[in-house]
Amino acid sequence: MQIKPSEMTRKVQLGHVGNVVVGGVNRDKFISDYSLHYKAQKRTLSQQYQLVGTRLDETQTIITRHDARTETAKQAQIGLTTYDIIDVSPDDGGDYIRYDYITIKAVSGHG
């Protein structure tokens, strides 16, 4: 897939969940390990219909430049919304510029 660097205009924070103490109470909180530029991948209407009722329903896919750390990241944050990372599909081609396809789903009930 040919992606122009100019299409990657947004930033995503990738990291994990850690415990922090707030007012004497342990809370789960997103902790950013690093950030990458990304491009949102659009799905066709047919693809959206195929995902209804599956674990990939209500997910979205973003594309980033390949980074080995992405395979171990557990969560992503875009703006103020935190997402669980459902799947990472790294580009295993031999091209000089490779990309990762990251499937994410909004977290509900944190904090």
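Computed from the coordinates by the stated procedures, all read-outs in this text should not be read as laboratory data. What you see is a predicted model; the values in this text were computed from it and never measured.
What to note about this one:
- Under 5 Å between amide hydrogens, built in the peptide plane, is the criterion, and for ILE86 it picks out THR103, ILE104, LYS105 among residues at least 5 positions away or on other chains.
- Segment 25-41 - phi-based ³J(HN,Hα) in whole Hz, Karplus 6.51/-1.76/1.60, Gly and Pro as x: 10, 6, 10, 7, 9, 5, 10, 6, 9, 6, 10, 9, 7, 9, 10, 6, 9
- Shape of segment 5-106, Cα gyration tensor, a/c cut at 1.5: oblate
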